[in-house]
Amino acid sequence: MATGLTLKELSKKEDRFTHGHRMCSGCGAPTVVKMVLLATDYPVIASNATGCLEVSSCISEYTAWKIPWIHTAFENAAATISGVETMYRSLKKQGKIDKDIKFIAFGGDGGTYDIGFQSLSGAMERGHDMLYVCYDNGAYMNTGIQRSSATPLGADTTTCPAGDVIPGKLRSRKNLTKIMGAHNIPYAAQASPSHWMDLMKKVKKAHEFIGPKFMNILAPCNRGWRSQTNDSITLSKLAVNSCYWPLYEIEDGVTKITYTPKDKVPVADFMKPQGRFKHLFAPANEWLLKKVQEEVDKEWEKLKKQAECGC
Amino acid sequence: MAKIVAVTGNEAVANALRQASPDVCAIYPITPQTDMMQKYASFIANGKVSTEPILVESEHSSMSACIGASAAGGRVITATSSQGLALMWEMLHIASGDRLPIIMPVVNRALSAPLNIHGDHSDAMGARDTGWIQIWSENAQDAYDNTIQAFRIGEHMDIRLPVMVCLDGFIISHSIERMEYLEDAEVKNFVGEFKNFLPLLDLDKPKSYGPLILTDYYHEYKRAQHEVMTKVKNVVLDVAKDFEKMSGRKYGLFESYRLDDADIALVILNSAAGTSKDVIDSFRNKGIKAGLLKPRLFRPFPYEEVAEALKNTKAVCVMDRADSFGGYGPMFMEISSALYQLKEKPALINKIYGLGGRDYMPSHAELVLNELNEIASSGKIRIVKEYIGVRE
């Protein structure tokens, strides 16, 4: 039975991603997973790319997953779940299964934007009935904060360190949500745990479409962002309110902004509490901070135009 | 009733796969396998089989999807060659580590560079240590029969391991041969219904597949894989017995050809064994006691049985259609390990032949058998490892 999205009703639901996992204190990823599963009113089977979430949630005989769950490797959460989903369809067609089951793949940004990109693109093109959820923390956090194509412009990581000559990452992020939208899948969306109602509505909506769906969800990592452990939700909110991480969806090719900040805050407000951007506040790197703001503004304006024209 | 047909190796194996009625099949093209999965796709398109296809975007995704499908709970197949198998390498270990009985014909082809599409054994030999059962096939009939038996072996409840069925690219995959098909109903009955073991699709008992296991238990998991491999030989023999009852065709761990009283012997895999047998016959006609051992089960390797079969020979040449650069050929290393346990050992040499589809001619076998004859009488080895059929 479908659950309403009120805290009262949600609080009565069983957590299908349980306590006892070994994610870091203050990590955004388990919050994202809990919200996704809470908003899923169906039996569900998940696959998981190698990464923080995977290594911390199923260790030897301990598992935090109360749903059937499979991890195989780093670059193939989408291909793996597409195999599970294909077997489900085969057995259903043969009359060996009668339940309706939903399929979700979880991957971090390294396993999704980079090494898992081909596998994700293939699964989306093939049209499997699945939801791919990327929990985006902006770097390879599990291996110790290396640059990914989701790492924001100017960020200091261990493979693009802010040094005397090079001030951190000099390339902008890959816009994966839009790339997924360009696959002409029924639904692609961007969400943030700070806006939990928006996030969960999107998950619910995604499940109502037959076919491939994609959600990109911000997941602060206090180790990699070098922020306070109690700041995950605050930072998620600042990411949204600065339009660094706009909340929108692409439904059947039509872009819709699902939340417009009343007062758009400078992106510096989002960056300042994070050690990975500390060097950008030195006078010598002022140009780069300015460039980050310009890029955020440009992308936001582009998104608004897309939403206005209904394309 | 068996049906006599003239078909290519690829078509024969595609039919064996169809007769086993798998639930899911991952399909991706690569020469010389392509044509096998094309045939399979046409079976699906024409309603000859109820398999759900998954048309992946790479072999890495092919094996990943097979692992997901097999863990979900059902019979799963794919097929590949060469670079495709190499791209799967990471996932091959995961299929066997997760104990998933995926059946995969491997149409053997050379590896790049240089790019070459023709038959040699570098691909499957490179997958030697991936924890898969490997069964090798001389001709289309062997490949067809081995494919059918592979389902029974891999899916056996004491085994639950993935199986590669190897056949030579082009030489077998694309040549038309006379062979016998079994009836669909016979194969269906022989292979049996797929038995589930811990399926992911069982929602009442949720399972987690693919945990992180570090220094505490990883070692024990790997020992378990080693131990299950020790049980494979007997299952292969039992399945072969049942298969013989149905088909009249006899299979073992390897084939011994005129080996019982042989002084000199060749050890050679797959299609080149056929050519070699003709030459063995001509040497026998000349009064030279020559024989041949054609391995069938390569992983796990039947060391004791092979040693027993070769123990009375004086000189043996292991013919490898693959090389381990800087080492001996991969088959040589196995035979050498097998013979080491004997008190009295034959002299052992290694020839590398037929890489990248270079023809293996009767004259090559003659050359090697003559050399073995000399070694048998003189006891002197000129060179242990050498390339033959090579342009100088």
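The values are calculated or read from the model by the stated rules, or taken from the named source; none is laboratory data. Nothing here was measured: the structure is a model prediction, and the numbers come from that model. Cβ atoms come from the backbone with ideal geometry, glycine included; neighbour counts cover every protein chain shown. Surface areas here come from the heavy atoms of the whole protein model, side chains and all, with no ligands, DNA or RNA. Shrake-Rupley method; radii C 1.70, N 1.55, O 1.52, S 1.80 Å.
Is it the case that some residue within segment A:138-159 is within 13 Å of chain B (Cβ to nearest Cβ), touching a residue at least 40 places away in the same chain (Cβ under 8 Å) and assigned to a loop (DSSP other than H, G, I, E, B)? Yes, there is a match, as at least one residue in segment A:138-159 is within 13 Å of chain B (Cβ to nearest Cβ), touching a residue at least 40 places away in the same chain (Cβ under 8 Å) and assigned to a loop (DSSP other than H, G, I, E, B). Scanning segment A:72-90 for residues that are more than 7 Å from every other protein chain (Cβ to nearest Cβ) and open to solvent by less than 10 Å² (accessible area, probe 1.4 Å) returns A:Ala77, A:Ala78, A:Glu85.
Which members of segment B:228-258 meet the condition of being open to solvent by less than 10 Å² (accessible area, probe 1.4 Å) and not β-branched (Val, Ile, Thr)? Passing the criteria: B:Ala240, B:Phe243.
Taking every residue in segment B:365-385 that is acidic (Asp, Glu) and pairing it with any residue that is open to solvent by 50 Å² or more (accessible area, probe 1.4 Å), at least 6 positions away or on another chain, the pairs with Cβ-Cβ distances below 9 Å are B:Glu371/B:Arg382; B:Glu374/B:Lys380; B:Glu374/B:Arg382.
Can you say whether B:Ala262 is of a type in the set (A, V, I, L, M, F, W, C) and in contact with an Asp or Glu (Cβ under 8 Å, 6 or more places away or on another chain), as far as the supplied structure shows? Spelling it out, it is not the case that B:Ala262 is of a type in the set (A, V, I, L, M, F, W, C) and in contact with an Asp or Glu (Cβ under 8 Å, 6 or more places away or on another chain). Restricted to segment A:118-137, and to residues there that are over 14 Å from the mean Cα position of the chain (by Cα) and part of a helix (DSSP H, G or I), the residue that is farthest from the other protein chains (Cβ to nearest Cβ) is A:Met124. Examine segment B:47-55 for a residue that is open to solvent by less than 10 Å² (accessible area, probe 1.4 Å), more than 26 Å from A:Gly127 (Cβ to Cβ) and either at pLDDT 95 or above or not small (Gly, Ala, Ser) (or both), and state whether such a residue exists. No, because not a single residue in segment B:47-55 is open to solvent by less than 10 Å² (accessible area, probe 1.4 Å), more than 26 Å from A:Gly127 (Cβ to Cβ) and either at pLDDT 95 or above or not small (Gly, Ala, Ser) (or both).
Per-residue answers, yes or no, for (1) open to solvent by less than 10 Å² (accessible area, probe 1.4 Å); (2) part of a strand (DSSP E or B); (3) more than 13 Å from chain B (Cβ to nearest Cβ):
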| position | (1), (2), (3) |
| --- | --- |
| A:Gly4 | no, no, yes |
| A:Ser11 | no, no, yes |
| A:Cys27 | no, no, yes |
| A:Thr50 | no, no, no |
| A:Glu54 | yes, no, no |
| A:Ile70 | yes, yes, no |
| A:Lys96 | no, no, no |
| A:Phe103 | yes, yes, no |
| A:Gly107 | yes, yes, no |
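Annotation: of all residues in segment B:170-185 being among the small types (Gly, Ala, Ser) and open to solvent by 10 Å² or more (accessible area, probe 1.4 Å), the one that is farthest from B:Leu100 (Cα to Cα) is B:Ser175.
B:Thr31 passes every criterion in (1) among the polar types (S, T, N, Q); (2) part of a loop (DSSP other than H, G, I, E, B); (3) free of Cβ contacts under 8 Å to residues at least 40 places away in the same chain apart from (3).
Scanning segment B:83-98 for residues that are away from every other protein chain (no Cβ under 13 Å) and open to solvent by 20 Å² or more (accessible area, probe 1.4 Å) yields B:Gln83, B:Ala86. Being closer than 21 Å to B:His93 by Cα, in contact (Cβ under 8 Å) with a residue 40 or more places away in the chain, surrounded by 13 or more Cβ atoms within 10 Å (Cβ to Cβ) and not aliphatic (A, V, I, L, M) is a property that B:Lys188 lacks.
Out of all the residues in segment B:347-360, is one or more surrounded by fewer than 16 Cβ atoms within 10 Å (Cβ to Cβ) and touching a helix residue (DSSP H, G or I) at 6+ places or on another chain (Cβ under 8 Å)? Taking every residue of segment B:347-360 in turn, none turns out to be surrounded by fewer than 16 Cβ atoms within 10 Å (Cβ to Cβ) and touching a helix residue (DSSP H, G or I) at 6+ places or on another chain (Cβ under 8 Å).
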